[in-house]
Amino acid sequence: MQQMMGREGDVVLVNGQVRPRLSAAPGERERWRIVNACPSRYLRLQLEGQQVQLLSRDLGRLPVPEESTGVLLAPGNRVELLVETTEGSAKLVTAPVDRGGMNGMMGEGRMGGNSAGDDEAIELLTFEVSGDRAQTPNPVPAGPALRDLRQEPVAARHTLDFAMGMGGGGAMMDGAGSGENTMMAFTINGREFDAARTDTAVAAGAVQEWTLTNSSPMDHPVHLHVWPMQIIDDGDRNLSEPRWQDVVNVPARGQVKVLIAFEDFPGRTVYHCHILDHEDQGMMGTVEAR
């Protein structure tokens with residue numbers, strides 16, 4: 001059951017340590033480069049008592065740093081934060097994130113014992129700011145303008161549906177009320193991963209629009225190797241400025257549209273759910289640019 005949900009474990013490490021302690025002088029500007037390397041756990045990071053700005057997301061600098069009171073990272077997401085230090089003691093914590101559950105597929109209630117959203121916040125590290133005040137740092141220089149593929153022609157469109165259902169080679173579970181063992185399949189467009197099969201063929205150098213749909217009751221963070229994705233439709237999120245990511249969260253029973261420029265690297269690679277238990281159980285496909 002935990003494998004189907006995506007195992008989170010009980011301990012979150014920061015650079016291999018449990019709740020490390022960092023220190024700084026007041027008035028400094030620090031650059032924190034963070035990757036969510038957890039196999040399944042989403043992180044909603046908060047550093048109360050400090051001034052925090054979002055400098056970059058996944059693959060590159062934002063043109064202007066954004067004020068931030070918290071940042072959400074799905075497994076595989078990366079951010080860079082600017083921390084303007086204020087005297088005192090602060091804790092970096094991850095708040096609970098509800099990423100869905102197995103209810104709606106196999107009876108009532110969440111299954112797996114580690115579904116997020118019903119846990120308490122987890123302390124990740126302690127940040128101690130004390131001592132003589134540092135000199136005021138120079139203003140942060142502006143980053144380059146982000147490319148906007150919405151201004152470029154779209155050569156083709158594809159839909160990828162991330163789904164869960166009965167009858168595959170995935171994790172074992174008890175059939176609802178039957179007492180029998182059946183298998184749960186994690187699929188993309190109804191198929192489990194086959195390394196010998198090419199699932200999606202694209203023209204090298206072209207821009208394509210992909211619709212990522214999720215017909216399952218839990219979120220799936222989607223990662224495409226090699227090529228980043230520009231999100232162009234994600235519910236009511238403001239996308240007036242280009243938003244580039246290389247891991248895109250597709251919410252339960254929802255969809256996200258992205259644009260991809262298949263440039264620079266012809267060849268064959270994969271896309272998959274970045275909850276590693278889901279990938280291991282079949283939620284991965286192949287793409288070839290030629």
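Considered as a group, the residues in segment 98-148 that are polar (S, T, N, Q) and exposed (fewer than 14 other Cβ atoms within 10 Å of the Cβ) include one that is modelled with the highest pLDDT, and that residue is 130. Taking segment 203-220 as the range and being farther than 18 Å from residue 190 by Cα and assigned to a strand (DSSP E or B) as the test, the residues that pass are 207, 208, 209.
Hey, does segment 249-261 have a residue that's closer than 22 Å to residue 153 by Cβ and either outside the structural domain of residue 206 (by TED's automatic domain parsing) or of a type outside the set (A, V, I, L, M) (or both)? Yes; the residues of segment 249-261 include at least one that is closer than 22 Å to residue 153 by Cβ and either outside the structural domain of residue 206 (by TED's automatic domain parsing) or of a type outside the set (A, V, I, L, M) (or both). Say whether the condition of being out of contact with any strand residue (DSSP E or B) (no Cβ under 8 Å at 6 or more places or on another chain), surrounded by fewer than 16 Cβ atoms within 10 Å (Cβ to Cβ) and under 27 Å from residue 101 (Cα atoms) is met by at least one residue in segment 33-42. Yes, because at least one residue in segment 33-42 is out of contact with any strand residue (DSSP E or B) (no Cβ under 8 Å at 6 or more places or on another chain), surrounded by fewer than 16 Cβ atoms within 10 Å (Cβ to Cβ) and under 27 Å from residue 101 (Cα atoms). Scanning segment 1-13 for residues that are loosely packed, with under 14 Cβ neighbours inside 10 Å and touching a residue at least 12 places away in the same chain (Cβ under 8 Å) yields one hit, 9.
For residue 79, are the conditions met, namely being modelled with pLDDT of 95 or more, touching an Asp or Glu at 6+ places or on another chain (Cβ under 6 Å), assigned by TED's automatic domain parsing to the domain that holds residue 17 and outside any loop (DSSP other than H, G, I, E, B)? For residue 79, the condition - modelled with pLDDT of 95 or more, touching an Asp or Glu at 6+ places or on another chain (Cβ under 6 Å), assigned by TED's automatic domain parsing to the domain that holds residue 17 and outside any loop (DSSP other than H, G, I, E, B) - is not met.
The values are calculated or read from the model by the stated rules, or taken from the named source; none is laboratory data. Here the structure is a predicted model, which is why all the values come from computation and not from measurement. Neighbour counts are summed over all protein chains in view; Cβ atoms, including those assigned to glycine, are modelled from backbone coordinates with ideal geometry.
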